[in-house]
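The values are calculated or read from the model by the stated rules, or taken from the named source; none is laboratory data. Please read these numbers as outputs of a predicted model, since none were measured by experiment. Cβ coordinates were reconstructed from backbone atoms using ideal geometry, including for glycine residues, and neighbour counts include every protein chain displayed.
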Amino acid sequence: MQKCLRAALGGCLLVAAVPALAYEAGDVIVRVGAATVNPREDSEQIVLPTSPSPTVLPGVGVDGDTQLGLGGAYLLTPSLGIELLAATPFEHDVKVQGLGIEGGSVSHLPPTLSLQWYPRGAAAGWQPYLGIGINYTVFFDEDVSSELKGALQATLGASRADLALENSVGLAGQVGVDIPLNDNLMLNAAVWYIDIDTEAAIRTDVGTVKFDLDIDPWVYSLGLAWRF
Ligand code: NI
């Protein structure tokens, strides 16, 4: 059929619209796209040890960020794959609720290893998939804003402050689809939910304040995929 079309039309436009794309064991699929991390954070209260009574702040808010996402999947069978998700570092602004000021920013890398199921892997056409995996999130470059330093100086008499977030290990779930453009090039769209729970510590010269912070983001990615 494809040969007939190709011969008849002398081109591949129509052929590209009817691609043959059954997945095979041993296929490697590389996915590159814009990945947006959208935190749905749940922050514990922050208790500042002011005197005579402590100051209780509702917590922090964490903004979203978009970076370059990179995924590599290896198919063990036409319908089972293993995928490693990587990205350029995400940087999130942190707001201190209750004070209404910028608290600073944190960067993180969230590599995720998933087992994927391709229910239509042995058939041609669209390839939807589901995945479940393990996420390891490494936080770094935690910065405290000058506004928060000023607030800590005014309330606690702290002359310096820094912020540290513990690395997190958690479950990740994903849904995605590869939409074939030709035999080896696809559009890819995917969504992850990642359980990222950390403990934040604001360390000052007059003491340390710790609070639990669940970041638990939805991650959306849109891009291209190549099959090798
Ligand atoms: Ni969580």
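Computed values, structure above
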quantity	calculated
Within region 112-169, strands (runs of 3 or more DSSP E) holding 3 or more residues that are in contact (Cβ under 8 Å) with a residue 24 or more places away in the chain and among the polar types (S, T, N, Q)	112-117, 127-144
Residue identified as away from the ligand (no atom under 16 Å from the Cβ), under 28 Å from V32 (Cβ atoms) and touching a strand residue (DSSP E or B) at 6+ places or on another chain (Cβ under 7 Å) among L185, L156	L185
Identity of the residue in region 53-70, assigned to a strand (DSSP E or B) and free of Cβ contacts under 8 Å to residues at least 60 places away in the same chain, that ends up farthest from Y118 (Cα to Cα)	V56
Those residues of region 40-96 which are surrounded by 16 or more Cβ atoms within 10 Å (Cβ to Cβ), more than 30 Å from F211 (Cβ to Cβ) and under 12 Å from the mean Cα position of the chain (by Cα), in sequence order	L70, G71
Of the criteria (1) surrounded by 15 or more Cβ atoms within 10 Å (Cβ to Cβ); (2) more than 12 Å from the ligand (Cβ to nearest atom), which one L224 fails	(1)
Single residue of I215, I194 found to be within 16 Å of the ligand (Cβ to nearest atom) and closer than 18 Å to I132 by Cβ	I194
One residue from V219, V206 being in contact (Cβ under 8 Å) with a residue 40 or more places away in the chain and in contact with a helix residue (DSSP H, G or I) (Cβ under 6 Å, 6 or more places away or on another chain)	V206
Candidate set: region 139-186, residues that are farther than 20 Å from F211 by Cα and acidic (D, E); chosen: the one modelled with the highest pLDDT	D178
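A quick yes/no check of all residues on (1) within 30 Å of D195 (Cβ to Cβ); (2) touching a Phe, Trp or Tyr at 6+ places or on another chain (Cβ under 9 Å); (3) at pLDDT below 95:
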{"position": "K3", "(1), (2), (3)": "no, no, yes"}
{"position": "L13", "(1), (2), (3)": "no, no, yes"}
{"position": "P19", "(1), (2), (3)": "no, no, yes"}
{"position": "A34", "(1), (2), (3)": "yes, yes, no"}
{"position": "L70", "(1), (2), (3)": "yes, no, no"}
{"position": "F90", "(1), (2), (3)": "yes, no, no"}
{"position": "S105", "(1), (2), (3)": "yes, no, no"}
